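Peer 1: This is the structure, below, for whatever I ask next.
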Amino acid sequence: MLVYLLLIVGLVALILGGDWLVKAAVGLAERWGIPPLIIGLTIVAFGTSAPELVISIKAALNDSSGIAVGNVVGSNIANVLLVLGVPALITRIHYEKNDIADSIILMVIISVVFVWQLMNPPLTYLDGLVLLAFLAAFLSLQFYKARKHQHGDEDYKDEVGNVPTSMPIILGFLVAGLVALPMGANLTVNSAVEIAKQLNVSDEVIGLTIIAIGTSLPELATGIMAARHNNAAVGVGNVIGSNVFNIAAIMGITALVTDIDAVPHILALDAWVMLAVTAILVIIPIFHLTIGRRLGALLLVLYIAYLTTTALF
């Protein structure tokens, strides 16, 4: 039981550490007069991916490529099936392809490139540079759209919440975040590896399920809050952005730090599931579908079926 408790403590430390780090960074940015647009597109975007980033780097350095890659692939699957499915039970989600078509296309391209890289292991620093180039393109696109339409200057407020304004509190959040993130990563990775040994399952399965769900909880909370405020379509943008960052930023940076070995379990099933659920984000606006309770429930059923399959595969 102790190892399961340590895993929960590690995931909580990761989530809280990421939140504290984001609040501190946004507080500093506001004090230094950095435009809100830049804060939202860079600091918040990177900060909310901090738990997944430290997990993947720590796992890769520990020769646990299954956890490093499984965390990203599993999170992207959870983002679509779980993070969209649960809010749809609260309110209907509708979005038009014209609003985010270019972002969706870029997300699909990045996902396909990533799977191709996984098919040609190991992922090296050159693969990381390619993914980071796509990240730069995605950020440039979002910056251009935000400037063109003059919206989203305060969008990050909904995701971050109240931020500290006094310097001592900002520094306190900063130190707490910098301590909690690596501590949480150590506890999570070490506990996950131990649980995998006890259950006689692969590191990939643990990364794809327990860790992926844990690190997707912030996105799920954001989606639920947006749904409760009848602004569930915002959750779609968060899912797209999170999926892009998970691959382009997290795998890109991790590949720069160390080579990522082959992950046969993920290539046999989960990478293709990730591409399939990514296609859902393309199909829904093309056919003008609304994600209501029925479709939301279907997404959740599909997610449960996926978790069961990948655990037994």
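The values are calculated or read from the model by the stated rules, or taken from the named source; none is laboratory data. Keep in mind that this is a model prediction, so the values were computed, not measured. Using ideal geometry, Cβ is built from the backbone for each residue, glycine included, and neighbour counts are taken over all protein chains shown. With ligands, DNA and RNA removed, areas are computed over all heavy atoms of the protein, side chains included. Shrake-Rupley method; radii C 1.70, N 1.55, O 1.52, S 1.80 Å.
Peer 1: Looking at the calculated P(r) for region 202-313, what percent of the C-alpha pair distances fall above 16 Å?
Peer 2: Considering region 202-313, 69 percent of its Cα-Cα pairs are separated by more than 16 Å.
Peer 1: Here is a follow-up. How much accessible surface area, in Å² rounded to 10, belongs to the heavy atoms of Asp63 with a 1.4 Å probe?
Peer 2: Rounded to the nearest 10, that gives 130 Å².
Peer 1: Report the local net charge at Leu171: Lys and Arg +1, Asp and Glu -1, summed over other residues whose C-beta lies under 14 Å from its C-beta.
Peer 2: The answer is +2.
Peer 1: I've got another one for you. So, for the chain, what is the accessible surface per residue at a probe of 1.4 Å, expressed in square angstrom?
Peer 2: Using a 1.4 Å probe on heavy atoms only, each residue of the chain averages 44 Å².
Peer 1: Along region 292-304, what does the Karplus equation 6.51 cos²θ - 1.76 cosθ + 1.60 (θ = phi - 60°) give for ³J(HN,Hα), rounded to whole Hz, x for Gly and Pro?
Peer 2: My calculation for region 292-304 gives x, 5, 5, 5, x, 5, 5, 4, 5, 4, 4, 5, 4 Hz in order.
Peer 1: Hey, any idea what % of region 178-239's accessible area is carbon plus sulfur with a 1.4 Å probe?
Peer 2: Roughly 61 percent, rounded to a whole number.
Peer 1: Using each residue's phi in region 258-268, evaluate 6.51 cos²θ - 1.76 cosθ + 1.60 at θ = phi - 60° and report the 3J(HN,Hα) Karplus result to the nearest Hz, with x for Gly and Pro.
Peer 2: 7, 5, 10, 6, 5, 10, x, 4, 5, 5, 6
Peer 1: For His265, His288, His94, what's the largest-to-smallest order of accessible area, 1.4 Å probe?
Peer 2: The most accessible residue leads, giving His288, His94, His265.
Peer 1: Which value, in debye to the nearest 20, describes the size of the charge dipole of the chain about its Cα centre when Lys and Arg Cβ atoms bear +1, Asp and Glu Cβ atoms bear -1, and nothing else is charged?
Peer 2: 620
Peer 1: Another question about this same structure. What's the center-to-center distance, using Cα atoms, between region 263-295 and region 191-248 in Å?
Peer 2: One Cα centre to the other: 15 Å.
Peer 1: If you take P(r) over Cα pairs in 10 Å bins from 0, in percent from the coordinates, which of (i) 6, 28, 37, 24, 5, 0; (ii) 6, 25, 34, 25, 9, 1; (iii) 6, 23, 27, 17, 12, 9, 5, 1, 0 do you get?
Peer 2: Matching entry in (i) 6, 28, 37, 24, 5, 0; (ii) 6, 25, 34, 25, 9, 1; (iii) 6, 23, 27, 17, 12, 9, 5, 1, 0: (i).
Peer 1: Whole-Hz Karplus ³J(HN,Hα) for region 205-221, in order, using 6.51 cos²θ - 1.76 cosθ + 1.60 and θ = phi - 60°, x for Gly and Pro?
Peer 2: So the J values, rounded to whole Hz, are 4, 5, x, 6, 10, 4, 5, 4, 5, x, 7, 8, 4, x, 5, 5, 4.
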